[in-house]
Amino acid sequence: MENKRTTAIDLGLTAEEKETLHKIARDAIECKIKDRELPHVHFDSQLLNENRGAFVSLHRRGSLRGCIGFIQAVKPLHTTIKDMAEAAAFHDPRFEPLQENELDDLEIEISVLTPMKEISNTDEIEVGRHGLMITKGYASGLLLPQVATEYEWDRETFLEHTCTKAGLHTSAWKDKDTKIYLFTADVF
């Protein structure tokens, strides 16, 4: 898809830091599968030690194999990536736990999130730039920015699918008691 709109924003992570985060994710998954202890590593990078929300998406042969994230910025980024990589590989309820024979084909995508911003006007949503979270009562659903881009959705379709992800009816985003949040992500 040469025309694909980019969803990534630059949060200041260097190529080396991004490579380190990919290594953390892969090592966390491999150590868990092989029942080995993950070595403790100290990180001097301010950005890797900064509390950040993030998602780890796993793909195998072009298909989603797991995706779990944490939206709150309560842990250092390197810890969030380690934890979310393990969760995506072994605890995504949509998939069986990852097996060792799948490691060679595994592609890891990391999305480092900006803080959530509640909006009252859906015109603020830029498909291809923003991810969405919709909440109503105890229901909530989140879709990363790259999802709308991948499926070539327009704004309304993106809102409807985020409602569906929350277990709500597709037009719940129009309800007065529904809250809509947007965020951006550095995707790599």
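Taking the stated definitions as given, is Leu159 farther than 30 Å from Ile29 by Cα, surrounded by 18 or more Cβ atoms within 10 Å (Cβ to Cβ) and in contact with a helix residue (DSSP H, G or I) (Cβ under 6 Å, 6 or more places away or on another chain)?
Considered against the rule, which asks whether it is farther than 30 Å from Ile29 by Cα, surrounded by 18 or more Cβ atoms within 10 Å (Cβ to Cβ) and in contact with a helix residue (DSSP H, G or I) (Cβ under 6 Å, 6 or more places away or on another chain), Leu159 comes out as yes.
Across region 133-145, what is the number of residues that are buried (at least 21 other Cβ atoms within 10 Å of the Cβ) and in contact with a His (Cβ under 9 Å, 6 or more places away or on another chain)?
Within region 133-145, residues that are buried (at least 21 other Cβ atoms within 10 Å of the Cβ) and in contact with a His (Cβ under 9 Å, 6 or more places away or on another chain) number 2.
Scanning region 144-171 for residues that are among the aliphatic types (A, V, I, L, M) and more than 15 Å from Ile119 (Cβ to Cβ), which turns out farthest from the chain's Cα centre (by Cα)?
First pass over region 144-171, keeping only residues among the aliphatic types (A, V, I, L, M): 144, 147-148, 159, 166, 168.
Filter again for more than 15 Å from Ile119 (Cβ to Cβ), leaving 144, 147-148, 166, 168.
Values: Leu144: 6, Val147: 10, Ala148: 13, Ala166: 16, Leu168: 21 Å.
If we take residues in region 144-171 being among the aliphatic types (A, V, I, L, M) and more than 15 Å from Ile119 (Cβ to Cβ), then Leu168 is farthest from the chain's Cα centre (by Cα).
Quick one: would you say Leu132 is modelled with pLDDT of 95 or more, touching a Pro at 6+ places or on another chain (Cβ under 9 Å), not assigned by TED's automatic domain parsing to the domain that holds Asp35 and not acidic (Asp, Glu)?
Working: modelled with pLDDT of 95 or more: yes; touching a Pro at 6+ places or on another chain (Cβ under 9 Å): yes; not assigned by TED's automatic domain parsing to the domain that holds Asp35: yes; not acidic (Asp, Glu): yes.
It is true that Leu132 is modelled with pLDDT of 95 or more, touching a Pro at 6+ places or on another chain (Cβ under 9 Å), not assigned by TED's automatic domain parsing to the domain that holds Asp35 and not acidic (Asp, Glu).
For region 95-131, enumerate the residues that are surrounded by fewer than 17 Cβ atoms within 10 Å (Cβ to Cβ) and among the basic types (Lys, Arg).
Passing the criteria: only Lys117.
Against the conditions (1) assigned by TED's automatic domain parsing to the domain that holds Glu86; (2) outside any strand (DSSP E or B); (3) of a type in the set (A, V, I, L, M, F, W, C), where does Ile108 fall short? Just the number, please.
Among (1) assigned by TED's automatic domain parsing to the domain that holds Glu86; (2) outside any strand (DSSP E or B); (3) of a type in the set (A, V, I, L, M, F, W, C), Ile108 violates only (2).
Which one of these does Gly128 not meet: (1) more than 21 Å from Leu64 (Cα to Cα); (2) small (Gly, Ala, Ser); (3) out of contact with any Gly (no Cβ under 7 Å at 6 or more places or on another chain)?
If we test Gly128 against (1) more than 21 Å from Leu64 (Cα to Cα); (2) small (Gly, Ala, Ser); (3) out of contact with any Gly (no Cβ under 7 Å at 6 or more places or on another chain), just (1) comes out false.
Being of a type in the set (Gly, Ala, Ser) and farther than 29 Å from Lys32 by Cβ is the filter here; which residues of region 102-139 pass it?
Scanning region 102-139 gives Ser120, Gly128, Gly137, Ala139.
The values are calculated or read from the model by the stated rules, or taken from the named source; none is laboratory data. Quantities reported herein were computed from a predicted structural model and do not represent experimental measurements. Note: ideal-geometry Cβ built from the backbone for every residue, glycine included; neighbour counts use all protein chains shown.
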